[in-house]
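The values are calculated or read from the model by the stated rules, or taken from the named source; none is laboratory data. Not measured: the values here are computed from a predicted model. Note that each Cβ is placed from the backbone with ideal geometry, even for glycine, and that neighbours are counted across all protein chains shown. The protein model used for the area step is the full one, side chains on, heavy atoms only, and it has no ligands, DNA or RNA in it. Shrake-Rupley method; radii C 1.70, N 1.55, O 1.52, S 1.80 Å.
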Amino acid sequence: MAAAPASSAAAMAAAPAIPASSSFISSSPCSLRVSKTSPRRPTGRVSHKISCVSRPPAVETSYKTSVPRNANMAKLQAGYLFPEIARRRAAHLLKYPDAKIISLGIGDTTEPIPDVITNAMAERAHALSTIDGYSGYGAEQGEKKVRSAIAATDYADLGIEDSDIFVSDGAKCDISRLQVLFGSNVTIAVQDPSYPAYVDSSVIMGQTGLYQQDVQKYGNIEYMRCNPENGFFPDLSTVARTDIIFFCSPNNPTGAAASRDQLTRLVKFAKDNGSIIVYDSAYAMYISDDSPKSIFEIPGAREVAIETASFSKYAGFTGVRLGWTVVPKELLFSDGHPVAKDFNRIVCTCFNGASNIAQAGGLACLSPEGLKAMHDVVGFYKENTEIIVDTFTSLGFNVYGAKNAPYVWVHFPGRNSWDVFAEILEKANVVTTPGSGFGPGGEGFVRVSAFGHRDNIIEAARRLKQLYK
């Protein structure tokens, strides 16, 4: 293992190459605060908190246009979370080029796509070189046989028809398309912590106020705190009414899956307030208990909810790109206009349809052989999760999630999340994700991903045990 040399610890403490902060870009002006060592930190470490403002670097140019910058972009707090983690990883490798880094940070799959799926994509790709097999533009909503297969496989007996399903290039892309659908004059609520795309897309759309540094929140967003004390489900009696409620279950990053009773309360809350739930079910296949895999298992949900989903974390499609969004025909705007009709207009304007090769893979995923293969892949990652949970539990940490998700949510009481991230990277050459990157409710936690080759997971566990023994 090529960890940072012990002799360099003092130099790193005095002027860290990878500063600890909630989010920043290197060109931003920063202020540095230093605090004493806290529990769970190896001796000889100093905590650095760096507060930075998102500003572009000064660039000398002979010409600039007269086009004003989108003011909403200026509200964003520096870089998007995962590219920022990649930047810090790259900076670490520049300093320690021989370091053997294990990445348990970004939730990117690592295991090969099953043959039954890639064979179908290869056959479709080869067919494109023939007269009979060639096809150009397809339906923006997705191929009918793919939509029908999704409806039959994931929504049987739930009242969802193939015409309610829009096949896409992934759930993340659909989240932004939904934001275009809703426009800038809506209010939103998000779980805290939550996947950062919900908040960042809201900022870009102009739905929010300015970032409030003292509370690390954007104005005009309702942050629904989800923590161990409330079972990672918000106290809805304290949540203000908003137009849109983003809700992910199993949750990224905490790994918590909402129960049937909790989702029933959420649907009732939305109906009582006339709100729309955007339900992110990207990790539904990881659920191993009786928690609902779809919001549409809850009576009345078709009148208040949209669901996004993806093949990414089941079939290894993070690079292939294929997902879907369900917009039930029963879902109406305040004027009675069907939401699905407007979403269809957005899709037809902004998107030319998912790749026909990717859709061939998606259809194979939904075959009996494909479903078994995906469950095998999910089972592999869940075994990785158990190794990570056992590691941190043996070290005395409180660990959450994991049972129904490929993420382990580890508590470091009193610690700054970016400090912990830097510590694990510098001392163990393991990349994690700082909890505060998912919202203020994630401070004091790190997310550890179970996406990794088995030997890397075992080696990361060994290094972590050595670091925190």
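Would region 264-418 count as rounded, prolate or oblate if I go by the C-alpha gyration tensor, calling it rounded below 1.5 in a/c and otherwise prolate when a/b exceeds b/c, oblate otherwise?
Details: a/c = 2.17, a/b = 1.36, b/c = 1.59.
It comes out oblate by the Cα gyration axes.
With both partners inside region 182-335, how many of the DSSP beta bridges are antiparallel, as a percent to the nearest 5? Could the numbers behind the result be given before it?
Details: 6 of 23 bridges.
Approximately 25 percent, going by the DSSP bridge assignments.
Rounded to two decimal places and with Rh computed the Kirkwood way over Cα pairs, what is Rg over Rh for the chain? Mind dumping the intermediate values first?
Details: Rg = 22.8 Å, Rh = 23.5 Å.
Radius of gyration relative to Kirkwood radius: 0.97.
On the protein heavy atoms, probe 1.4 angstrom, tell me the percent of accessible surface of the chain carried by carbon and sulfur.
Working: 11000 of 20130 Å².
Answer for the chain: carbon and sulfur cover 55 percent of the accessible area.
Using amide H atoms built in the peptide plane, which far-off residues or other-chain residues are under 5 Å from residue 280 H to H?
247, 248, 249, 308
Non-local amide H neighbours of residue 103 (under 5 Å, H modeled in plane, Pro and chain starts lacking H): which ones?
It is 431, by chain and number.
Where only protein heavy atoms count, and the probe is 1.4 Å, what is the accessible area per residue for the chain in Å²? Before the final figure, lay out the partial values.
Values: 20130 Å² over 469 residues.
Ligands and nucleic acids excluded, the figure is 43 Å² per residue.
Put a dot 7 Å past each Cα toward the Cβ at residue 290 and residue 390; how far apart are the dots in nm?
So the two model labels end up 2.9 nm from each other.
Taking region 224-272 on its own, what percent of its Cα-Cα pair distances exceed 14 Å?
That tail contains 50 percent of the Cα-Cα pairs.
Cα atoms only: what Rg and Dmax, in Å, come out for region 174-268?
For region 174-268, the Cα radius of gyration and maximum Cα-Cα distance read 13.1, 36 Å.
Can you tell me which of 191-201, 302-312, 228-238 comes out highest on packing, and rank the rest after it, using the mean Cβ neighbours within 10 Å?
On the way: 191-201: 22.8, 302-312: 24.5, 228-238: 14.6.
Descending mean neighbour count gives 302-312, 191-201, 228-238.
As a test of understanding, state the convex hull volume per residue of region 72-162 from its alpha carbons, in Å³.
Details: hull volume 24.0 nm³, N = 91.
Convex hull volume per residue, Cα atoms: 264 Å³.
Looking at the square roots a ≥ b ≥ c of the eigenvalues of the Cα gyration tensor of region 402-446, which shape do they give, rounded for a/c under 1.5, prolate if a/b is larger than b/c, or oblate?
Since a/c reaches 1.5 but b/c is at least a/b, the shape of region 402-446 is classed as oblate.
Tell me what the chain gives for mean residue ellipticity at 222 nm when only DSSP H runs of n ≥ 4 count, each as -39,500 (n - 2.57), the sum divided by the residue total, rounded to 500 deg cm²/dmol. Display every interim value, and only then the final one.
On the way: 14 runs with 166 residues, N = 469.
The per-residue figure over the chain is -11000 deg cm²/dmol.
Let me make sure I get this right: for region 248-333, a, b and c are the square roots of the gyration tensor eigenvalues over alpha carbons, sorted descending. Under 1.5 in a/c it's rounded, otherwise prolate if a/b > b/c, else oblate. Which is it?
On the way: a/c = 2.40, a/b = 1.42, b/c = 1.68.
Oblate.
Treat each spin label as a single point 7 Å out from the Cα along the C-beta direction, and report the residue 453 to residue 185 distance in nm.
5.5 nm
What's the extension gain from residue 74 to residue 466 if we count 0.36 nm per residue and subtract their Cα-Cα distance? Display every interim value, and only then the final one.
Values: separation 392, 0.36 × 392 = 141.12 nm, distance 4.23 nm.
Difference between extended and current length: 136.9 nm.
Quote the relative contact order of the chain in percent (integer), defining contacts as alpha-carbon pairs under 8 Å separated by 6+ residues. Intermediate values should be presented prior to the final figure.
Values: 889 pairs, mean separation 98.1, N = 469.
With pairs under 8 Å counted, the relative contact order is 21 percent.
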